[in-house]
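In what follows, a single structure is set out as C-alpha cells and then discussed.
The values are calculated or read from the model by the stated rules, or taken from the named source; none is laboratory data. Computed from a prediction, not measured in an experiment: that's the story for all the values here. Here Cβ is always computed from backbone atoms with ideal geometry, including for glycine, and neighbour counts include all displayed protein chains.
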Amino acid sequence: MAGVAILEAHKTRREYFTDEHLMFRESLRKFLEKEAIPFFDQWEEDRIIPRSFWKKLGDNQFLCPWVDEKYGGLGLDLGFSIVLVEELSRIGAGLSGIGLHSEIVVPYIDEYGTEEQKTKYLPGCLSGDLITAVGMTEPGAGSDLASIKTTAIKDGDHYIINGQKTFISNGILSDLIILACKTDPKATPGHKGISLLLVDRDTPGFSRGRKLNKVGMNSQDTAELIFEDARVPVGNLLGEEGKGFYYLMNKLQRERIISTLRAQVMAEEMLSTTLAYVKERHVFGKPLSKFQNTQFVMAELATQVHLGRVLMDDTIVKFSKGQDVTSEVSMAKWWITDMARKMAPECMQLHGGYGYMEEYKIARMYRDIAANPIFAGTNEIMKVILAKNMGM
C-alpha cells in the first residue's frame, strides 16, 4: 500500500535525521523492548511508572539528551529529542511524563536557571534521580494563565506560597516542581505579576493532594499540589521576578510541538494496528481488508495521517532553524490532535467487538487520545491565536 510505505519512510529517515539519530533510535527502541514493553500493561494497571524505570533511562543516557556535557549531558540536537518522544509514544501515552520531564520542564532550568541552580539540579534530572513537573493549571485557571491565584509573597530570605494546582503530570513522583505563582498579586494586567519558583519535594508546607483518576493515560501519574504557607528560599526564583509569564510563553511552542508529535505518533500507531487487524480478520469467508468500505476508510485515514506527518515535520524543521513558528505550531496542534481523536473511533469500529476489549491496543489508544486536543492549550485557543495572527 503506497500510503503506508510513505508513512514507514517517515518513521525512519526524515530530512533532519542523520545516521547518528537513527543509531540513537535503534538503541532506544531495543532498550524499550526489554525494559518497558513487557511491563507496560502492569504499569497501566498500577497507574504509575516505577522510579526504577526512570533510573534505567538515566543510566542509559536517554533523559534530556540535549543538556550540555558540563552538566553530564550529551549536548545533542533537537532531532534526538524528537526520537525520544516518538519511541516513547509508540509504546503508550502513559509514558508521556518522561517526555514532559526531558523536553518541556528541564529546558526551563537550562535556559533561565542560574549557574548554581543548573549545577544543583541538572545532573539529577539526567540520571533519573530527580523527576520534574511544572505547576501551572489551577482549579479555576487553565488556558487563562494570567488568572492564577497561587501567591508567593516575599518574607525575608524566603517566599511564602499559598494556593493549589491541579492536573499536574508527574505530580506524585516529582522531586522538583517549576511553580507558576503570583509574586505581585496586585500587578495589572495580571500576567505581569507571575514568577517561576523551584519547589523541592521536601519543602515545608508543600503536600500532594489526590492522585487523579483519568479516563486514559493511566500509567501517567497526575495529581493535585497543595501549598499552605510553604517556605521556599529566594534563591529558588527561576529567572527574574515578574517574568514568569513570558518564560512560559517562550517555551510553549516547544511544548506544543512535543504534545502534537505524541498525537501524530498515536495516529500512525492506530493506522498500522488497524491495517494489520483488517488484513488478518476474516468475515464472510474473506479478509476484512477486501471489503470496499474497509478500503475506503483505511485510504482516508492513511491520507490524513500522511498529511499530519508532513505538517509535523515541516513545523519541526522550521522550529529547529530558529524560525517563528507560532502559526504553524497552532495549526499543527489543533489539526493533528483533532484528526487523531476522530480516527480513534473509526479504527475501533473496524476492530468490531474486539476493539472494545482491553487486550487490544486500539482500546487503550481510544482512551488515551481524547486528552490531546486539551493539552498545551486547547484547540480552541490555537484557533484564537491563528485568527489573531491573521489580523482578525
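Just a few scattered comments:
- Every residue from the stretch 32-67 that is free of Cβ contacts under 8 Å to residues at least 40 places away in the same chain and of a type outside the set (F, W, Y): E33, K34, E35, P38, D41, Q42, P50, S52, N60
- Residue within the stretch 298-309 that is of a type in the set (S, T, N, Q) and either outside any helix (DSSP H, G or I) or touching a strand residue (DSSP E or B) at 6+ places or on another chain (Cβ under 6 Å) (or both) present: no
- Residue check for G193: within 24 Å of P107 (Cα to Cα), crowded, with 20+ Cβ neighbours inside 10 Å and outside the structural domain of G377 (by TED's automatic domain parsing): yes
- Residue pairs whose Cβ atoms lie under 7 Å apart, separated by 6 or more positions or on different chains, with the first residue in the stretch 76-94 and surrounded by fewer than 19 Cβ atoms within 10 Å (Cβ to Cβ) and the second acidic (D, E), are R90/E269.
- Filtered residues of the stretch 351-376 (kept if of a type outside the set (S, T, Y) and either free of Cβ contacts under 8 Å to residues at least 60 places away in the same chain or in a loop (DSSP other than H, G, I, E, B) (or both)): H351, G353, G355, M357, E358, E359, A363, N372, P373, I374, F375, A376
- Each residue in the stretch 122-161 was checked for being crowded, with 18+ Cβ neighbours inside 10 Å and on the phi > 0 side of the Ramachandran plot, and 1 pass.
- Options I258, I226: the member that is of a type in the set (V, I, T), in the same structural domain as M339 (by TED's automatic domain parsing) and under 19 Å from T137 (Cβ atoms): I258
- Residue within the stretch 231-240 that is of a type in the set (K, R) and either in the same structural domain as S320 (by TED's automatic domain parsing) or modelled with pLDDT under 95 (or both) present: no
- When I336, I369, I385, I381 are screened for being touching a Lys or Arg at 6+ places or on another chain (Cβ under 6 Å) and of a type in the set (V, I, T), only I369 passes.
Quick grid of which residues meet (1) in a helix (DSSP H, G or I); (2) closer than 30 Å to N218 by Cβ; (3) in contact with a helix residue (DSSP H, G or I) (Cβ under 6 Å, 6 or more places away or on another chain); (4) among the charged types (D, E, K, R):
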residue: I82; (1), (2), (3), (4): yes, yes, no, no
residue: L95; (1), (2), (3), (4): yes, yes, yes, no
residue: G99; (1), (2), (3), (4): yes, yes, yes, no
residue: I104; (1), (2), (3), (4): yes, yes, yes, no
residue: K120; (1), (2), (3), (4): yes, no, no, yes
residue: G124; (1), (2), (3), (4): yes, yes, no, no
residue: V134; (1), (2), (3), (4): no, yes, yes, no
